[in-house]
Amino acid sequence: MSAIVSARALTKVYEGGFEALKGVDLDIEEGEILALLGPNGAGKTTLISTICGMVTPSGGSVTVGGHDIDAGYRQARKLIGLVPQEINLEPFEKVMNTIRFSRGLFGYGPDDAYLEKILRQLSLWDKKDARVVELSGGMKRRVLIAKALSHEPRILFLDEPTAGVDVELRKDMWDVVRGLQSDGVTIILTTHYIEEAEAIADRVGVISDGKILLVQDKDELMRQLGQKELRIELQTPVPHVPDDLKEFDLTRADDGCALVYTYDTGSDRTGITRLISALSAAGLVLKDVSTHQSSLEEIFVGLVGEKS
Amino acid sequence: MNLHAIKAIYIFEMSRFFRTFLQSFISPVISTSLYFVVFGAAIGSRINEVDGVDYAAFIVPGLIMLSVMTQSTSNASFGIYFPKFIGTIYELLSAPISFLEIVIGYVGAAMTKGLFIGIVILATAYLFVDLDIKYPLAMLAFLVMTCLSFSLLGFIIGIWAKSFDQLQLVPLLVITPLVFLGGSFYSISMLPPVWQTITLFNPVVYLISGFRWSFFGDADVAIGVSLFAIGFFTAICLAVIWWIFKTGYRIKS
């Protein structure tokens, strides 16, 4: 796979001196779903806005499909569809007209058959003649997506697509995103819902304080940073961890009713078999055993806390 | 040149105009009729003639200018301010479109609306007075130039404005007074000499005078001066827009 979007040493200092981006390097692979995670004010929206042309960068460069976003802005922007965070729509216009407008704006001639396809895909077809103001919040968000897709983009930016959206619609949205990916569209979404990144992303980028902390394959990230816990419930509580079990670095829980063993899922030997034997050798009787995998959220909180 | 984009902006803007068509159409007809009743019938019956022209006919060019200038300005300023206000400007900024194309789309639509209103008022005037336009082509050219320059001015105001108040400020506090004091309803030769001189600092005088010349072949100032004035005004507006384009003033961070 090759990079379809490439940012190098990208910086942005706003008037007033706020440094929103502090030298961002980022390669987005063609056809992937990349989730950009980060706390509020981390620079997610500034990064997207810069790539899309709404914010002038202070330094560095960005290419989209090989075109520089400044020198080749027409070619670069034609490839991009943007779904903004806020619901920004002309309230009194009909759905179909706002979508026709978007298509024209990106330099494409009318093609109502294609627009119909998009509207049907987003379950908006029966609303095509409704005025935007008459639609529900979720419907408006779909209209924004329809606008972004109206010019057949190869890259779709979704800035917090499911903020304030109910669970049902969020799942719908994920289906739409997966469907687009299978059509070959590269998708970049920002979110602070970790579960969203976990559910649909191929790769995860973590941004904090204007810097990209890491970009990694999601499963690999989970594997590398994901720690798993083995919780051993005991028949009878222990006052302290028996000396014979010191090497396993166990922690007592529930007043000694349970012992917790932390291990790395990525390593060849987890040490579980040895631990179980050692437990019975120490004369402990097990009542129950359970494991818990750390979520992306826990990884994320750990990462942001550690680096900032 | 992204012609599809210009067309898309133009159509989108015109659809706003057609949504409020009755209002766009009826309000100039009513206000023009009122002016004719008040100025033409009531006052005109005591004035009779100005510079050899029937008073009711004399005010027609001024009336058209009054509406065309204020409407072109407010339509163009609203057209570009509204996307800023509701946030849809993001789409313009992220589209493969140059600032020039944005200006052509918005200003073109505002000009069309201004032109439409001008023609509606002219048609309404025919109901009240006998008009014989001496230089119809020149009249049309002046009308188009006025629509263009004031739509450009409106576009600048729309970019500059940060609130609806500011949007109203210039049309209300600058353009309307200048048009009223610019000889819409009188010939500046009717003023005392001191005021005649002061009036010459009002740029609108030259526009109305030139427009009136195309109707009656007679004007307060020489037609060449009028042409220069409107050309100069348009050039200033274009220069300001070019500067906005260069700096991204109030549209891009």
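Here are the numbers for the structure shown:
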item: Test for residue A:65: is it farther than 22 Å from residue B:84 by Cα and touching a Leu at 6+ places or on another chain (Cβ under 7 Å); result: yes
item: Considering residues of the range B:90-121 that are of a type outside the set (A, V, I, L, M), farther than 16 Å from residue B:8 by Cβ and surrounded by 23 or more Cβ atoms within 10 Å (Cβ to Cβ) only, the residue nearest to the other protein chains (Cβ to nearest Cβ); result: B:113
item: Among the residues listed as A:95, A:132, the single one being touching an Asp or Glu at 6+ places or on another chain (Cβ under 9 Å), more than 9 Å from chain B (Cβ to nearest Cβ), aliphatic (A, V, I, L, M) and surrounded by 22 or more Cβ atoms within 10 Å (Cβ to Cβ); result: A:95
item: Members of the range A:81-90 that are more than 17 Å from residue B:9 (Cβ to Cβ) and at the interface with another protein chain (Cβ under 7 Å from one of its Cβ atoms); result: A:82, A:84, A:86
item: Meets criteria (in the same structural domain as residue A:57 (by TED's automatic domain parsing), surrounded by fewer than 22 Cβ atoms within 10 Å (Cβ to Cβ) and within 23 Å of residue A:184 (Cβ to Cβ)) for residue A:126; result: no
item: Flag for residue B:77 being out of contact with any Asp or Glu (no Cβ under 9 Å at 6 or more places or on another chain), at the interface with chain A (Cβ under 8 Å from one of its Cβ atoms) and either buried (at least 21 other Cβ atoms within 10 Å of the Cβ) or under 19 Å from residue B:2 (Cα atoms) (or both); result: no
item: Given (1) outside any loop (DSSP other than H, G, I, E, B); (2) more than 28 Å from residue A:222 (Cα to Cα), number of the condition residue A:240 does not satisfy; result: (1)
item: Within the range A:29-145, helices (runs of 4 or more DSSP H) holding 1 or more residues that are aromatic (Phe, Trp, Tyr); result: A:73-78, A:95-105, A:112-121
item: Scan of the range A:66-82 for residues that are surrounded by fewer than 24 Cβ atoms within 10 Å (Cβ to Cβ) and in contact with a strand residue (DSSP E or B) (Cβ under 6 Å, 6 or more places away or on another chain), ordered by number; result: A:69, A:75, A:79
item: Within the range A:155-225, helices (runs of 4 or more DSSP H) holding 2 or more residues that are at pLDDT 90 or above and within 24 Å of residue A:123 (Cβ to Cβ); result: A:167-182
item: Candidate set: the range A:1-31, residues that are farther than 17 Å from residue A:66 by Cα and touching a helix residue (DSSP H, G or I) at 6+ places or on another chain (Cβ under 9 Å); chosen: the one nearest to the other protein chains (Cβ to nearest Cβ); result: A:14
item: Filter result (within 30 Å of residue A:129 (Cα to Cα), over 24 Å from the mean Cα position of the chain (by Cα) and aliphatic (A, V, I, L, M)) within the range A:56-114; result: A:89, A:95, A:96, A:99, A:105, A:113
item: Pair list, Cβ < 6 Å and 6+ apart or interchain, from the range B:1-29 residues that are within 13 Å of another protein chain (Cβ to nearest Cβ) to residues that are assigned to a helix (DSSP H, G or I) and of a type in the set (A, V, I, L, M); result: B:5/A:105; B:6/B:104; B:8/A:105; B:10/B:109; B:13/B:109; B:14/B:109
item: In the range B:122-135, residue surrounded by the fewest Cβ atoms within 10 Å (Cβ to Cβ) [restricted to those that are of a type in the set (D, E, K, R) and touching a helix residue (DSSP H, G or I) at 6+ places or on another chain (Cβ under 8 Å)]; result: B:130
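Residues are listed down the side, and each one gets a yes or a no for (1) of a type in the set (Gly, Ala, Ser); (2) surrounded by 18 or more Cβ atoms within 10 Å (Cβ to Cβ):
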| site | (1), (2) |
| --- | --- |
| B:40 | yes, yes |
| B:46 | no, no |
| B:67 | yes, yes |
| B:73 | no, yes |
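The values are calculated or read from the model by the stated rules, or taken from the named source; none is laboratory data. Since the model is a prediction, treat every value here as computed from it, not as a measurement. Every residue, glycine among them, receives a Cβ derived from its backbone with ideal geometry; neighbour counts consider all protein chains shown.
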